[in-house]
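One structure below.
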Amino acid sequence: MNLENSVDELENVDWGEPTYSSFLVKECHRLRKIPIKEFKPADLRIMISQDISLQILIPLAIQVLERDPMIDTYYFEGDLLESVLDCDKEYWLRNMELHGKIKRIVLGISNFEYASKELKEKWERLLAM
């Protein structure tokens, strides 16, 4: 994958201009147009939490999580991890190798017992697959 390309370019789909005037819609449209190499962890969290371009963005998020599993990208410690764990179940079923990587990441978190109830519930759902 060429990180110089945008999501629009990689998927060969142009979403055009947003038709709804909310911050989230505008931000997702904006992020689809910037080079992947410019994505920050918070950008990954936004897109993944909306189940957008998971094939491209989950592998990048996993790279971030391998370095800092409980990274706080804006809202709370572990917010990127929570969005990854909460993504479309079908994605994980089609990508079992990445499913295994995220499992190893979570199992390596030494203080996971102190994670939020929501994060633990999403982890349990992923394990049940």
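A short reminder: the numbers here are calculations on the coordinates, not readings from a lab. Keep in mind the model is a prediction, meaning the values are calculated, not measured. Methodologically, a virtual Cβ is constructed for each residue, glycine included, from the backbone with ideal geometry; neighbour enumeration extends over all protein chains shown.
At-a-glance table
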read-out: Loop-located chymotrypsin sites (Phe, Trp or Tyr not before Pro) in the range 1-101 whose Cβ has at most 13 other Cβ within 10 Å (DSSP); value: Tyr20, Tyr74, Tyr75, Phe76
read-out: Exposure proxy order (Cβ contacts within 10 Å, fewest to most) of Leu85, Leu107; value: Leu107, Leu85
read-out: Packing-based order for 2-9, 98-105, using average beta carbon neighbours within 10 Å, highest first; value: 98-105, 2-9
read-out: Net charge of neighbours whose Cβ lies under 12 Å from the Cβ of Ile46, counting Lys and Arg as +1 and Asp and Glu as -1; value: +1
read-out: Order of Leu93, Leu65 - criterion: other Cβ atoms within 10 Å of each residue's Cβ, fewest first; value: Leu93, Leu65
read-out: Along each principal axis, Cα extent of the chain, largest first, Å; value: 43, 28, 24
read-out: For Ser6, residues with placed amide H under 5 Å, excluding near neighbours; value: Ile36
